Amino acid sequence: MLVAVHARSGERVEASKHLPASPDYRCPVCGWTVIVKPGRVVVSHFAHRPAGPRCGAQGESIPHMRAKVLLAQRFREHGYDVALEEPHSGGRRRVDVAVTIRGRNGPVRVAVEVQDSAIAVGELQRRNHADKQAGFFATLWVFTTNRLSRARGSLPGAELRLPEEVRYLDRRWRLPVAVLDVQRERVMLVSTAPIIREGQPYYNEYGDEEYSPDRWLVATRQVHVAAATFELEAVRGRYATARNPDYTAAFKAAAVPDRPWRISSRRDTAHTTADIADPTDEPAWQLAQQLMEQGHTVELEHLPTARRWRHVARTNADDDFDEPGYQWKPV
Ligand SMILES: [Zn+2]
């Protein structure tokens, strides 16, 4: 818990390492006394004193709190008005980070919801609905890299199995899904494309060759990861019409340089770097392989998102390729 209520003034107080200790801090959900834990290793937060009632505000994970603090900090740096853990619907719902942004006709409020663990689609829809009822313009879902760990380690066009709630949001809005890398303090936009597997040949009862129909994969998508800034904007959704703009809120995509990928190689004291447009591009691939064969350690970095890979010799015996080769492994 990052916000407590001061028993005498009734004001909401945010935990920080500068906040003085006091017996007057109360849990906004159950009213029990809470104490501030000034964060040295973990993030500053409030904890219930022992022997309190069972309370929904207890037992929150450290990564979830860290993510909320990081988002609040970055949003405030962009000049947004931010409230952490804002309750509504009679206290049954608490918005992780409530942000006021500029809408077309004046300021609007966005409920930013951080998801560090799995959530049922029904629960996600309930929260969206409750936020709308409470006057929020939109609910913006942000998944941590815990929830989408492989999105951080995938090259452009990689095929990933996505959790159901991410697929739901993708289907509902046809907009990239936001992923927060708390450690590197970056936010990324993950967009997806459907994968169609070609039908396999087989022989029918008359011995004629036939093909089974092509099929669409349901849970596995091709993903592309792009960098975003911590600025929010109102964007039109999938069902936008002349009458209904179907607005939601999204992170703004970052400007990406022409050569966003960096190949660096190292052997003994020799160290070289080259910036390239696309790591799956043939010349870039050949360059990396040549360096590997000369005994260099080769690394690839996506500069806008700080995702990194190391080039390693392919050892997997199950691989379809007969000849030995190299592949990128996430660092
Ligand atoms: Zn409580």
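The values are calculated or read from the model by the stated rules, or taken from the named source; none is laboratory data. None of these values were measured; they are calculated from a predicted model. Methodologically, a virtual Cβ is constructed for each residue, glycine included, from the backbone with ideal geometry; neighbour enumeration extends over all protein chains shown.
Yes/no per residue for (1) among the hydrophobic types (A, V, I, L, M, F, W, C); (2) surrounded by fewer than 14 Cβ atoms within 10 Å (Cβ to Cβ):
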position	(1), (2)
Asp208	no, yes
Thr229	no, no
Thr241	no, yes
Asn244	no, yes
Ala253	yes, no
Asp258	no, yes
Arg262	no, no
Leu303	yes, no
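The requirement of being in contact with a strand residue (DSSP E or B) (Cβ under 8 Å, 6 or more places away or on another chain), of a type in the set (Val, Ile, Thr), under 30 Å from Arg147 (Cα atoms) and surrounded by fewer than 17 Cβ atoms within 10 Å (Cβ to Cβ) is not satisfied by Thr248. Among the residues here, Ser149 does not qualify as within 21 Å of Leu84 (Cβ to Cβ) and in the same structural domain as Thr100 (by TED's automatic domain parsing).
Across the stretch 17-46, which residue is farthest from Phe251 (Cα to Cα) among those that are of a type in the set (Gly, Ala, Ser), more than 10 Å from the ligand (Cβ to nearest atom) and surrounded by 12 or more Cβ atoms within 10 Å (Cβ to Cβ)?
Restricting attention to the stretch 17-46, the residues satisfying the condition of being of a type in the set (Gly, Ala, Ser) are 21-22, 31, 39, 44.
Narrowing the set further to residues that are more than 10 Å from the ligand (Cβ to nearest atom) leaves 21-22, 39, 44.
Cutting the leftovers down to surrounded by 12 or more Cβ atoms within 10 Å (Cβ to Cβ) gives us 22, 39, 44.
Values: Ser22: 38, Gly39: 28, Ser44: 26 Å.
Restricting to residues being of a type in the set (Gly, Ala, Ser), more than 10 Å from the ligand (Cβ to nearest atom) and surrounded by 12 or more Cβ atoms within 10 Å (Cβ to Cβ), the top hit is Ser22.
Only a single criterion out of (1) under 22 Å from Thr144 (Cα atoms); (2) modelled with pLDDT of 95 or more; (3) out of contact with any Leu (no Cβ under 9 Å at 6 or more places or on another chain); (4) within 16 Å of the ligand (Cβ to nearest atom) is not satisfied by Arg93, namely (2). Of all the criteria given as (1) in contact with a helix residue (DSSP H, G or I) (Cβ under 9 Å, 6 or more places away or on another chain); (2) more than 16 Å from the ligand (Cβ to nearest atom), the one not satisfied by Leu84 is (2). State whether the residues of the stretch 59-82 include one that is of a type outside the set (D, E, K, R), modelled with pLDDT of 90 or more, surrounded by 16 or more Cβ atoms within 10 Å (Cβ to Cβ) and in a strand (DSSP E or B). For the stretch 59-82, residues of a type outside the set (D, E, K, R), modelled with pLDDT of 90 or more, surrounded by 16 or more Cβ atoms within 10 Å (Cβ to Cβ) and in a strand (DSSP E or B): present.
Just one of (1) of a type outside the set (Val, Ile, Thr); (2) under 24 Å from Cys27 (Cβ atoms); (3) part of a strand (DSSP E or B) fails for Pro107. It is (2).
Across the stretch 264-276, which residue is surrounded by the fewest Cβ atoms within 10 Å (Cβ to Cβ) among those that are touching a helix residue (DSSP H, G or I) at 6+ places or on another chain (Cβ under 8 Å) and among the aliphatic types (A, V, I, L, M)? Top of the filtered list is Ala274. For Ala138, the requirement of being of a type in the set (A, V, I, L, M) and under 18 Å from Gly56 (Cβ atoms) is not met. Look at the stretch 54-81: where a residue is more than 14 Å from Ala15 (Cβ to Cβ) and in contact (Cβ under 8 Å) with a residue 12 or more places away in the chain and a partner is within 16 Å of the ligand (Cβ to nearest atom) and of a type in the set (Val, Ile, Thr), sitting 6+ places away or on another chain with Cβ atoms under 6 Å, you get Cys55/Val29; Gly56/Val29.
I'd like the full set of residues that are within 15 Å of the ligand (Cβ to nearest atom), out of contact with any Asp or Glu (no Cβ under 6 Å at 6 or more places or on another chain) and not small (Gly, Ala, Ser), limited to the stretch 3-16. Once the filter is applied, which keeps residues that are within 15 Å of the ligand (Cβ to nearest atom), out of contact with any Asp or Glu (no Cβ under 6 Å at 6 or more places or on another chain) and not small (Gly, Ala, Ser), the stretch 3-16 yields Val5, Arg12, Val13.
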